[in-house]
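Structure first, then comments.
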Amino acid sequence: MPDLPTTQSRADRIVTVPNLLSVLRLAGVPLFLYLLLGPRADGWAILVLAVGGFTDWLDGKLARLLGQYSRLGALLDPAVDRLYILAALVALGVRDVVPWWAVVALVCRDLVLGVTLPVLRRRGYGPYRVTYLGKGATFLLLYAFPLLLLGQGTGWFADLARPFGYGFAVWGTALYLYSGALYLAQFVLAMRRPALPPGVAGGAGGGD
């Protein structure tokens, strides 16, 4: 989501239309994971993922149209993206669709960045901001997962989906890890600067 508004009261709002859409997306994560690992209803799982992707686009659009930016939305939106990625990675790893080394690498990327957040906060910096590179990596992975699922079937459509799914997965993984390395570099630079005085908020970099 874009930068937060300067007005404190507006930035601290919780009940907004974009935030409600983000909560709806969040509720879809356990359902998505259950459909992949329980009945293995891949078609329904892809539908849940598609609805999540549409509401992700819609909440950003409505935030701009309605002027309903908030700190909660800035934190919740990329967090839900990560949860969908985590759920899909675990499910596809369990089903031997993607190698476990890729699952571990992507999960460790988010864990390492997550550990840096309390350190940044203690030094007066806010959370990582979303960047186009990180968002692009997220979209590549979210496009890869349904294609990989479709590729597990038989027939010409599965044969067509499979190479595209692996192509998106390879590029998405590479960009996801690369964007994580850039965020870590920005974290190191932030650590070399003097801590910000209380009441002064700063940003350390990107966050998706």
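The values are calculated or read from the model by the stated rules, or taken from the named source; none is laboratory data. This structure is a prediction, so every number in the text was calculated from the model and none was measured. Positions of Cβ are generated from backbone atoms using ideal geometry, with glycine treated the same way; all protein chains shown enter the neighbour counts. Heads up: the accessible areas ignore ligands, DNA and RNA and are worked out on the full protein's heavy atoms, side chains in. Shrake-Rupley method; radii C 1.70, N 1.55, O 1.52, S 1.80 Å.
Details
- Per atom type, the chain shows carbon and sulfur on 72% of its accessible surface, probed at 1.4 Å.
- Value of relative contact order over segment 135-179, rounded to a whole percent, pairs C-alpha under 8 Å and six or more apart: 50 percent
- Top of Val107, Val115, Val90 by mean-square fluctuation, Gaussian network on the chain, Cα under 10 Å: Val115
- 10 Å beta-carbon shell around Arg25, net charge (K/R +1, D/E -1): -4
- Rel. contact order, % - alpha carbon contacts under 8 angstrom, at least six apart, the chain: 23 percent
- Per-residue SASA entry for Asp159, accessible area with 1.4 Å probe, Å² rounded to 10: 90 Å²
- Largest GNM mean-square fluctuation across Ala27, Ala45, Ala144, computed for the chain with C-alpha springs under 10 Å, falls on Ala27.
- Convex hull volume of the chain per residue (C-alpha atoms, cubic angstrom): 112 Å³
- In this structure the chain gives 53 Å² per residue of accessible area when probed at 1.4 Å with all protein chains present.
- Think of it as helices only: each DSSP H run of n ≥ 4 in the chain is worth -39500 (n - 2.57), and spread over all residues that comes to -25500 deg cm²/dmol at 222 nm.
- Nearest-ten-degree value, helix 71-94 long axis tilted from longest Cα axis of the chain: 30 degrees
- Phi to ³J(HN,Hα) by Karplus 6.51 cos²θ - 1.76 cosθ + 1.60 over segment 171-181, Hz, x for Gly, Pro: 5, x, 4, 4, 5, 5, 5, 5, 5, x, 5
- Label-to-label distance for Val17 and Lys61 is 1.1 nm, based on points extended 7 Å past Cα in the beta-carbon direction.
- Short-range pairs are left out: with C-alpha atoms under 8 Å and at least six residues apart, the relative contact order of segment 34-152 is 28 percent.
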